[in-house]
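Heads up, the thing below is written out as structure tokens.
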Amino acid sequence: MIRMVLGKLGGLALTLFLASVIIFSALLLTPGDPVSALAGGARPTPELIAAIRAEYRLDDPVWLQYLHWLGGVVTGDFGRSFVYKTDVSVLVGARFEVTFQLVLLTTALIAVFGLGSGILAAVSGRRTDMIVSVSTSLGMALPTFIVAILLIWIFATSLGWFPTFGAGDEGLDRLWHLVLPAASLALMFIAYISRVTRSALVAQLHSEHVETARVRGIPWPRVFRRHVFHNAAPQILAISGTTIAGLFAASAIAEQAFGLGGIGSLLTEAAARKDLPVVQVVSLLLVTLFVVLNAIADLLAAAIDPDSAGTRRNA
């Protein structure tokens, strides 16, 4: 287990290093003069050009520019947005809370309805399995933006149960504002996790050791808990970890549809306005969240079933 943890940490550091190189290189690959991009699309004055070239050390060698940028990221100096005229750390920090709460609520919905419907489809009869299969097919086919429009029309415009715009105030008001965005974001992932859960459980239900346990007269709830769900859990957990890690990036569509103002919508706005300092930091943050959450999910799966983790590594 210690060897696996050290391996994960090494892979994590290598992935983040490569991601930082690629993300920083995006500035160099931007068509035209980098000064124009860093100026946010506006026509830069000679004074602004001189200030930008000095702040970003554009006259230095590329490797020195990268080390300066990386040093700032490591020490918490993320630079300054040329569009929003404020520090990137302040900009991202103010919006990260909303995105984190949205992802948290979405994860809860996926865990309850994704796992629940997958278990139901696996252990119930053929009719229930068919209903869940059709429902999950529909859920995976519907884009998040279309689901958001439908939810707004039904639960906000027609019934008036939920607000349609903004993140609201702290506490229950925030939760109330996040219900529809979380539901629209969760639907596709609920369908996906449901299918993964069903497939993993069905594979275990038809395995030889489960049949042996049933023949020996072990009560079904105990067989399901110890021999079916326990053995299927690592596969479900590994895929769920990847899914949840991707929610931070996928949240941009729901945030735009409901005007939440999280980091997902910040990234799309910054990319559209060529605010590269913000794009670089938010992109690196999303990559970091993705690889860290994936590593945690893999370690949890290995803790539940060390044998299956070893099998995956050797596969």
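The values are calculated or read from the model by the stated rules, or taken from the named source; none is laboratory data. The structure displayed is predicted, hence computed values, not measured ones. For neighbour counting, all protein chains shown are included, and Cβ atoms are generated from backbone atoms with ideal geometry for every residue, glycine included. Please note that ligands, DNA and RNA were not included when accessible areas were found on the heavy atoms of the full protein model with its side chains. Shrake-Rupley method; radii C 1.70, N 1.55, O 1.52, S 1.80 Å.
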Quick check: at a probe of 1.4 Å, how many percent of the accessible area of segment 168-315 sits on carbon and sulfur atoms? 63
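Could you do me a favour and compute the accessible area per residue for segment 65-220, 1.4 Å probe, result in Å²?
55
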Mind listing P(r) for segment 79-198? All alpha-carbon pairs, 10 Å bins, whole percents. 13, 32, 30, 18, 5, 2
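Hydropathy first: keep DSSP H helices in the chain averaging at least -1.0 on Kyte-Doolittle, then drop any whose Cα extent along the axis falls short of 20 Å, and list what survives.
Values: long enough: 2-29 (40 Å, 2.04); 88-109 (31 Å, 1.56); 126-141 (22 Å, 0.35); 172-205 (44 Å, 1.09); 230-258 (39 Å, 0.86); 276-304 (42 Å, 2.31).
Membrane-span-like by this rule: 2-29, 88-109, 126-141, 172-205, 230-258, 276-304.
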How much length would be gained if the chain were fully extended between Ala272 and Leu175, taking 0.36 nm per residue of separation minus their Cα-Cα distance, in nm to one decimal? 32.0 nm
Using a 10 angstrom cutoff on alpha carbons, build the Gaussian network for the chain and name the most mobile of Trp161, Trp69, Trp176. Trp161
Selected from Thr75, Val196, His209, residue furthest toward positive end of dipole (the chain; charges at beta carbon): His209
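Per 0.36 nm of contour for each residue apart, how much would the distance between Phe100 and Leu18 grow if the chain were fully extended, relative to their Cα-Cα spacing? Could you put the intermediate results ahead of the total?
Values: separation 82, 0.36 × 82 = 29.52 nm, distance 2.50 nm.
Working it through step by step, the gained length comes to 27.0 nm.
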Restricting attention to the alpha-carbon atoms of segment 56-121, what are Rg (one decimal) and Dmax (integer), both in Å? 20.0, 62
For segment 106-154 (alpha-carbon point model, no solvent) the Debye-based log₁₀ I(q)/I(0) at q = 0.20, 0.28, 0.30 Å⁻¹ works out to -0.78, -1.04, -1.07
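Once you have the Cα-Cα distance between Arg226 and Met4, take 0.36 nm times their residue separation minus that, and quote the gain in nm to one decimal.
Numbers: separation 222, 0.36 × 222 = 79.92 nm, distance 2.47 nm.
Result: 77.4 nm gained on full extension.
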Rounded to a whole %, the carbon-and-sulfur portion of the accessible area of segment 118-167 at a 1.4 Å probe is 72
Which shape class applies to segment 246-296: rounded if a/c is under 1.5, otherwise prolate when a/b exceeds b/c and oblate if not, where a ≥ b ≥ c are the square roots of the Cα gyration tensor eigenvalues? oblate
Ranked by GNM mean-square fluctuation in the chain (Cα springs under 10 Å), the top entry among Val282, Val73, Val92 is Val73
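Classify segment 162-315 from the C-alpha gyration tensor, please: rounded if a/c falls under 1.5, else prolate or oblate depending on whether a/b exceeds b/c. Numbers along the way, then the final one.
Details: a/c = 3.49, a/b = 1.97, b/c = 1.77.
Because a/c hits 1.5 or more and a/b exceeds b/c, segment 162-315 counts as prolate.
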In the list [x] 88, 67, 31; [y] 56, 50, 33; [z] 83, 56, 34, the entry giving Cα extents along the principal axes in Å computed from the coordinates is [z]
